[in-house]
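Visitor: Pasting in a structure now, in structure tokens, and then I'll have a few things to ask.
The values are calculated or read from the model by the stated rules, or taken from the named source; none is laboratory data. No experiment lies behind these values; they were computed from the predicted model shown. In this analysis, Cβ positions are derived from the backbone assuming ideal geometry, glycine residues included, and neighbour counts consider all displayed protein chains. Calculation scope for accessible area: heavy atoms of the full protein, side chains included, ligands and nucleic acids excluded. Shrake-Rupley method; radii C 1.70, N 1.55, O 1.52, S 1.80 Å.
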Amino acid sequence: MVHLSPDTGLRILDSFPWNQSNKPLLIAGSIPVSRLINESMVHLIDALHLGTPNVISIGLFQAAAGELVLVGTGPESVFTAVAAGVQKLGFELRDVRYILASHIHLDHTGAAWRWAREVGAKIYVHPNGAPHLVNPSKLLSSATRIYGDKMNYLWGATEAIPEEQVIAMTDSDFQLGGLRLRAIATPGHANHHNAYWIKSQRILFAGDVAGVRIGSGPAIPPLPPPEINLELWRDSLEKIRALKPASIYITHFGQVREPTASLDELERRLASWSDWIKQRLNEGKSEREIIPEFELFVERELLASGATEEEAEAYEKADPASMSVAGLARYWRKHHPEEVPAASGAR
């Protein structure tokens, strides 16, 4: 039975799995999940995180009849919207069997536990990330230091996933239904980052290692602390180039149609942004002082490179400039301390 909620405008499906408070889950209606995109074998669901389009995309494809694969989940706060997107594409939620996790950051995999609990999905993830899905206490502690009391607003709840539903692998081939895939270690953004390659289709699901690219804007790197490593990132980009993918799918946002040019642009920006931050550190500026300068620098660069003002706002939500300041400052101080001053107060 389907009926409308007069207060929210959302559809409530009584047959949808019940949440832990024994209330039917809300399924978003035509506006919140209207952006469903078909790209050959891959469907894209815009999770509309915090109501903003083009910030988080979830990939969906069939491995076999009745066997669906989600690429990422988004945070738990968008679980019902993504679930509604699956249904609007004409699929059954119970057929979501597998989730490919590029890495365990909450904007990418925060809802994995809900899919594991509600429909029994198995989560494929890098071995370094797997323990934090089974026991997310350290992940939550680290995220809370960054986001504080905004955690629930931004990401929703995070709970443990049973160990038997977490499949740890990297640099390995595996079979899902009728498809052969390969998990490829692609560190640089995070040391627990995988990309997933479907050779038969020449499709790569690249998470964050292939950057952020929204609408008509350029490819830019997401550089949050604490694991940014530019040397490893460049090695990962070389791995991706060697595959010669026809298409790359990224979480922020969607399909990259010209992979070679986009990867080259991303690598140039990795160098230019890191040098920009190093220069400010060597001028004696604190991260707090650098952040507003860098926010303005990024905004101007986005607009000059073709992004609209609306797209620039989506870039900032998907890849906050303040996070890149913190991530790159940590990178320089950790990996090349001889090139920058020590942090204020450091011994």
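Visitor: What is the residue count in the range 191-223 for residues that are under 14 Å from ARG257 (Cβ atoms) and open to solvent by 10 Å² or more (accessible area, probe 1.4 Å)?
Guide: So the count comes out to 4.
Visitor: Among the residues in the range 93-110, are any of a type in the set (Phe, Trp, Tyr) and outside any strand (DSSP E or B)? Steps first, answer last, please.
Guide: If we filter the range 93-110 for residues that are of a type in the set (Phe, Trp, Tyr), which is where we start, we get 98.
Then keep just the ones that are outside any strand (DSSP E or B); that gives none.
No, the range 93-110 has no match at all.
Visitor: Here's another thing I want to ask about it. When you check ALA246 against the structure, is it buried (at least 22 other Cβ atoms within 10 Å of the Cβ) and of a type in the set (A, V, I, L, M, F, W, C), yes or no?
Guide: no
Visitor: From the list GLU293, GLU299, exactly one residue is surrounded by 14 or more Cβ atoms within 10 Å (Cβ to Cβ) and in contact with a Lys or Arg (Cβ under 9 Å, 6 or more places away or on another chain). Which is it? Even if it seems obvious, please write down each step before you answer.
Guide: Numbers: GLU299 fails: in contact with a Lys or Arg (Cβ under 9 Å, 6 or more places away or on another chain).
From the options GLU293, GLU299, the qualifying one is GLU293.
Visitor: Which one of ARG268, ARG234, ARG180, ARG241 is part of a strand (DSSP E or B), out of contact with any Phe, Trp or Tyr (no Cβ under 7 Å at 6 or more places or on another chain), modelled with pLDDT of 95 or more and open to solvent by 10 Å² or more (accessible area, probe 1.4 Å)?
Guide: ARG180
Visitor: Still on this structure, I have one more. When the range 159-177 is examined, which residues are found to be open to solvent by less than 30 Å² (accessible area, probe 1.4 Å) and β-branched (Val, Ile, Thr)?
Guide: Selection gives ILE161, VAL166.
Visitor: When both residues are 6+ apart or on different chains and their Cβ atoms are under 7 Å apart, which pairs have a first residue that lies in the range 209-234 and is over 19 Å from ILE248 (Cβ atoms) and touching a residue at least 40 places away in the same chain (Cβ under 8 Å), and a second that is among the hydrophobic types (A, V, I, L, M, F, W, C) and part of a loop (DSSP other than H, G, I, E, B)?
Guide: Pairs that qualify, where the first residue is over 19 Å from ILE248 (Cβ atoms) and touching a residue at least 40 places away in the same chain (Cβ under 8 Å) and the partner is among the hydrophobic types (A, V, I, L, M, F, W, C) and part of a loop (DSSP other than H, G, I, E, B), are GLU227/ALA190.
Visitor: Still on this structure, I have one more. Is it true that GLY254 is within 27 Å of HIS49 (Cα to Cα) and touching a residue at least 24 places away in the same chain (Cβ under 8 Å)?
Guide: Considered against the rule, which asks whether it is within 27 Å of HIS49 (Cα to Cα) and touching a residue at least 24 places away in the same chain (Cβ under 8 Å), GLY254 comes out as yes.
Visitor: Take the residues in the range 248-264 that are under 17 Å from the mean Cα position of the chain (by Cα) and either modelled with pLDDT under 95 or of a type in the set (Ser, Thr, Tyr) (or both), then tell me which one is nearest to ILE203 (Cα to Cα).
Guide: Here the residue is TYR249.
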